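*Asks:* Structure incoming, see below.
Read-outs: derived from the displayed coordinates by stated rules, not from any lab. From a predicted model like this one, the values you see are computed outputs, not experimental measurements. Neighbour counts run over all protein chains shown; Cβ positions are idealised from the backbone, glycine included.
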């Protein structure tokens, strides 16, 4: 397709003054008039520049596509890392929950062990108190029997012994007082232990 002289001159003027050249598919259809070497040279320059710009655009497009592929790969890696992180967080939460559960069980076990220890101590105390009471009763009973036998012996033999008489009378008073004291102590210990529970 040929172009008129005015158009041709304007295109050459644009190229010389402002370095603006035609490009694109229009270069395939424009042709120069026979013998117009200046316009033929202009069209060749335009075609070369168009070819160079197409190569550059293609290179940029390929570079952008390569970068897009890298970005997509990085995005997949990030998604995989996020999934792993989410899984790790859930596992950490589960581990923390299990640790709390174990801690609660340990606390319950500790409380149970303390209760058992306290129960054993109380049982030991009651057994010890029982032993003390038994021994005290046997001693009291033994002293009472011996003193009564001695007093009965003096009565039967007819010999008066004022020391033995006062000892026998004092002994029974002391035995009675001590037996009440022991019973009171035992009851007080039992009452205090029950109140603490």
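*Asks:* Taking Rh as the Kirkwood radius, which is the inverse of the mean 1/r over Cα pairs, what is the Rg/Rh value for the chain?
*Replies:* Reported Rg/Rh (Cα atoms, Kirkwood Rh): 2.01.
*Asks:* In whole angstrom, note down how far apart the Cα centers of segment 83-140 and segment 1-65 are.
*Replies:* 95 Å
*Asks:* Report, to the nearest 10°, how far helix 162-196 tilts away from the longest principal axis of the Cα atoms in the chain, using its own Cα long axis and a range of 0 to 90°.
*Replies:* Taking the Cα atoms of the chain, the angle to 162-196 is about 20 degrees.
*Asks:* Tell me the label-point distance for the pair residue 41, residue 19, using the 7 Å Cα-to-Cβ offset, in nm and rounded to one decimal.
*Replies:* Spacing of the two 7 Å Cα→Cβ label points: 1.8 nm.
*Asks:* Also, I was wondering about something else. In nm, give the distance between the simple-model label positions of residue 143 and residue 89, each being 7 Å from the Cα along the Cα-to-Cβ direction.
*Replies:* For the pair residue 143/residue 89, the computed spacing is 8.1 nm.
*Asks:* Give me the one-decimal nm value for the distance between modelled label points at residue 167 and residue 68, 7 Å along each residue's Cα-to-Cβ direction.
*Replies:* 12.3 nm
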